[in-house]
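Scroll down for the structure; my scribbles are underneath it.
The values are calculated or read from the model by the stated rules, or taken from the named source; none is laboratory data. Computed from a prediction, not measured in an experiment: that's the story for all the values here. Cβ coordinates were reconstructed from backbone atoms using ideal geometry, including for glycine residues, and neighbour counts include every protein chain displayed.
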Amino acid sequence: MMRIQLSRLLTSAALLAVAASALAQTTTPAPKPEDTEIWEPVPKVVTATPNFTPPPSDAIILFDGKNEDEWVSNKDKSPAQWVVANNVLTVSKSQGNIETKRSFKNYQLHLEWKVPASITGSGQARGNSGVFLASTGSGDAGYELQVLDSYNNKTYVNGMAGSMYKQAIPLANPGRKPGEWQSYDVMWTAPTFNEDGSVKTPAYVTVLFNGVLVENHFELKGETLYIGKPFYKKYDAAPIKLQAHGDKSEPMSFRNIWVRELN
Ligand code: MG
């Protein structure tokens, strides 16, 4: 008698568990990358020229065309081994992301980048790289200013060049053709945190893309996430990181990278 009741009880419990899991699956689907993509409205196209701005006297030179002495691998902090040739720094996808040896809080940053003229692919798989304005950990952890071919290349607008990836849509699209140099000038105000890790003041970013304002003192909601909503994680000072994106298109190049600390 006891045994029958126990077995009935177990069967009902198992059925309940199956029903609960089926319910959970229908009410809370797993988050997807597409959940945080925005496609409309599309920022207007603006014809612009890149600024080759030589470093001012108080700038820290991060790349002047000669070597990668200011950079290390994000993975293991070994010397950066992207390709330096003809005064240009080109992504090595096999090494992965590289970051500055130095850490920064608030700063003004200038850099120039180029998508190869022979680029192939589309959407996010066409000249994808990125400038992590604060690298807070391994891989793509941090705050990413997107680098991408955005010249006649449709993608979600919060993932275009000049976007703070999946947070801030650029105010215009001054992107130039593949094969032409482009510039970013960035004013970064780092977030500050209380002892307990809560946010004291959020991060703000202003970005000029080829001299055109695309982010205007934008208040970030946290670090960049590929899937899910952004949130903050406490850090103090952090390196600046360049992305070796995993897509199959030809690697991107950079030149004339300098920073002025604003602490
Ligand atoms: Mg990227």
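Residue by residue, here is whether (1) of a type in the set (Gly, Ala, Ser); (2) surrounded by 14 or more Cβ atoms within 10 Å (Cβ to Cβ); (3) part of a loop (DSSP other than H, G, I, E, B); (4) not assigned by TED's automatic domain parsing to the domain that holds Pro178 holds:
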| position | (1), (2), (3), (4) |
| --- | --- |
| Pro50 | no, yes, yes, no |
| Thr53 | no, yes, yes, no |
| Ser57 | yes, no, yes, no |
| Ile61 | no, yes, no, no |
| Lys66 | no, no, yes, no |
| Lys77 | no, no, yes, no |
| Gln81 | no, yes, yes, no |
| Gly96 | yes, yes, yes, no |
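Note on segment 224-240: residues that are surrounded by 16 or more Cβ atoms within 10 Å (Cβ to Cβ) and either over 13 Å from the mean Cα position of the chain (by Cα) or not in a loop (DSSP other than H, G, I, E, B) (or both) amount to 4. Scanning segment 148-168 for residues that are in a loop (DSSP other than H, G, I, E, B) and either crowded, with 21+ Cβ neighbours inside 10 Å or at pLDDT below 95 (or both) turns up Leu148, Asp149, Ser150, Thr155, Met160, Ala161, Gly162, Ser163, Tyr165, Lys166, Gln167. Taking the listed residues Gln167, Gln182, Gln146, the one that is within 16 Å of the ligand (Cβ to nearest atom), out of contact with any Cys (no Cβ under 8 Å at 6 or more places or on another chain) and free of Cβ contacts under 8 Å to residues at least 24 places away in the same chain is Gln146, with no other qualifying.
Per the listing Val72, Val157, the residue uniquely of a type in the set (Val, Ile, Thr), assigned by TED's automatic domain parsing to the domain that holds Pro251 and under 15 Å from the mean Cα position of the chain (by Cα) is Val157.
Among the listed residues Val212, Val205, Val199, which satisfies the condition of being at pLDDT 95 or above, under 27 Å from Pro116 (Cα atoms) and either in the same structural domain as Ala117 (by TED's automatic domain parsing) or not charged (D, E, K, R) (or both)?
Of the residues listed, the single one that is at pLDDT 95 or above, under 27 Å from Pro116 (Cα atoms) and either in the same structural domain as Ala117 (by TED's automatic domain parsing) or not charged (D, E, K, R) (or both) is Val212.
Checked against (1) charged (D, E, K, R); (2) within 16 Å of the ligand (Cβ to nearest atom); (3) under 23 Å from Val207 (Cα atoms), Asp64 meets all criteria but (2). Based on this model, can you work out whether Lys221 counts as assigned by TED's automatic domain parsing to the domain that holds Met160, farther than 18 Å from Tyr165 by Cβ and either without any contact (Cβ under 8 Å) to a residue 12 or more places away in the chain or surrounded by fewer than 21 Cβ atoms within 10 Å (Cβ to Cβ) (or both)? No: the conditions fail for Lys221. Can you tell me which residue in segment 133-143 is nearest to the ligand (Cβ to nearest atom), limited to those that are at negative phi and crowded, with 20+ Cβ neighbours inside 10 Å? My answer is Asp140. Each residue in segment 241-263 was checked for being assigned to a loop (DSSP other than H, G, I, E, B) and within 14 Å of the ligand (Cβ to nearest atom), and 8 of them qualify.
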